[in-house]
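Some notes on the structure that comes next.
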Amino acid sequence: MWDDFTVKAAVLGCPIAHSLSPALHRAGYAALGLTEWSYGRFELVADELADFVDGLDEQWRGLSLTMPLKDAALMVADEATVLAVRAGAANTLVRTENGWLADNTDIPGLVAALRPAWRGWTQAAILGAGATARSAVLALDELRVRRLRVYARNLDRAAQLVTWAGTVAPKLTIEIAELSTWTSGDDPVVISTLPGGAADPTGLQPRSGLLFDAVYAGWPTPLAQAAGAAGMEVIGGAELLLAQAALQFELFTGQAPPELAMRAAVAAALSPKIVLIGFMGAGKTTVGRALANRLGMAFVDSDELIEARGRSIPEVFAADGEAGFRALEADVIADLLTGPPAVIALGGGAVSTSAVRELLRGHQVLLLDITLAEALARVGGDEGRPMLARDDLSQVYAARQQLYSDAASAVVDASGDPDLVAEAAFRVIRQSR
């Protein structure tokens, strides 16, 4: 697939399957007609970054970096911006005529996300003391905050943050407090850099001001809901995601980012998808098409998308083995689950990949349930199904049934007519909304 494009970019990190960066950048390419551009995702850790970058040819223009690569990016870059050096971290590598330039769009991205609601405050609070908190310190310094309170569980880590801030943002006066006490503070601005559910809003009293929650999935979070109910203006992490991606897009392409198209892509990517899982022969494709028609949604079959990349599934198995096929399958599914709303049918073994199981969280997953005997009766001797050649098929079926059950939000009996199964699935979905 990569050979079809002449200009390349990608997001790197570990884990990376959940990244929405491909959806944003590809939407930008499509809006501007940049048909020669591609944007992928690669999972790698810090020790692998240097070799990966060294192996890139001149077709590569930019890399977006997530954890745990932001520190390592400075080590592999040929040069770095003042901001990246000041932050001690880079989320962007851009190819220039001098090599790779390390930059940081997280900090100006957060400033851009906060500025429309900013009221000239000089006091603020940060929840958490990790890597995102460092970006928040520099963004608040840019917004001319002078008094800062850091609420954290790990006070030693918070102390390290304060020491670092004393060097890069000396105009800030910072104090440390226990995370559990943040709701009783008088801070007019609260920046949460914590994962979803880590900042307990219990006891938050009516107050004005601004809350930024870096979480963008499962929105609104309990923290955002509580802050809104208390009277605060709330900004979600999707605004930061969009702003930093727009800055990267311009660095990579040299063109102004089509922000409306990219914003639409964020909204679509964050929407829950309807996913059909089940053993081979369960009728996921047939039922999926009928269900999508009832819902007025698009239908996508992950196996069909895999084969659209140029090889049949048996050919992939023969050339790359099951491990190679599962990696390719997981990549396709990651794109589908961070793409536009759709009814999505997955291959029977997709849930055997842990990354896929993790990706399914938050989506409406329907298990089309059939017995092994019925599955075999339906598929017969289909040579396009490599699983039929396995001697341990009954054990595979049993193991997958457990995985299906764990991943499913509902179970639909798939033993009947496909239209009746689709109708039953439709009722399940309507009842859950």
Q. When only Cα pairs under 8 Å and 6 or more residues apart are kept, what is the percent relative contact order across the stretch 108-240?
A. 24 percent
Q: State the Cα centre-to-centre distance between the stretch 128-168 and the stretch 101-123 in whole Å.
A: 14 Å
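How much net charge surrounds L140 when only other residues with a Cβ under 15 Å from its Cβ are counted (Lys, Arg +1; Asp, Glu -1)?
+4
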Q: Can you spot the lysines whose alpha carbon is less than 22 Å from K273's alpha carbon? Ignore those fewer than 8 places along the same chain.
A: K284
Q: Please check which bits of the stretch 67-98 a label hung off T167 would reach, taking the label as a point 7 Å along Cα-to-C-beta and the cut-off as backbone N under 16 Å.
A: 71-72, 74-75, 82-90
**Q.** Neighbour net charge for A292 - beta-carbon separation under 12 angstrom, K R +1, D E -1
**A.** +3
**Q.** Nitroxide proxy distance, nm - points 7 Å out along Cα→Cβ at S208 and R147
**A.** 1.7 nm
Q: Calculate the spin-label point distance for E36 paired with D51, positioning each point 7 Å from the Cα along the beta-carbon direction, and give it in nanometres.
A: 3.2 nm
**Q.** Spin-label model distance (nm) - V85 vs S312, 7 Å beyond Cα toward Cβ
**A.** 5.9 nm
(Q) Suppose the chain between D392 and R119 were pulled fully straight at 0.36 nm per residue; how much longer would it get relative to their current alpha carbon spacing? (A) 91.7 nm
**Q.** Förster radius 41 Å - calculated FRET efficiency between T96 and N154 (Cβ-Cβ, nearest 0.05)
**A.** 0.60
Q | Extended-chain gain in nm, criterion 0.36 nm per residue less alpha-carbon gap, Q402 and Q255 | A | 48.0 nm
Q) Taking K171 as the anchor, which lysines have their alpha carbon closer than 28 Å to its alpha carbon, excluding any fewer than eight residues away along the same chain? A) K70
Q: May I ask for the net charge around V111, where only other residues with Cβ less than 13 Å from the Cβ of V111 are counted and Lys, Arg are +1 while Asp, Glu are -1?
A: -2
(Q) Can you show me the helix-derived [θ] at 222 nm for the chain, built from DSSP H runs with n ≥ 4 at -39,500 (n - 2.57) apiece and divided by the number of residues, rounded to the nearest 500. (A) -13500 deg cm²/dmol
Q: Using only Cα atoms, locate the centre of the stretch 346-367 and the centre of the stretch 220-273, then give the distance between them in Å, rounded to an integer.
A: 25 Å
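Computed from the coordinates by the stated procedures, all read-outs in this text should not be read as laboratory data. All values derive from a computational prediction rather than experimental measurement. Ideal geometry is used to build each Cβ from the backbone, glycine not excepted, and the neighbour counts take in all protein chains shown.
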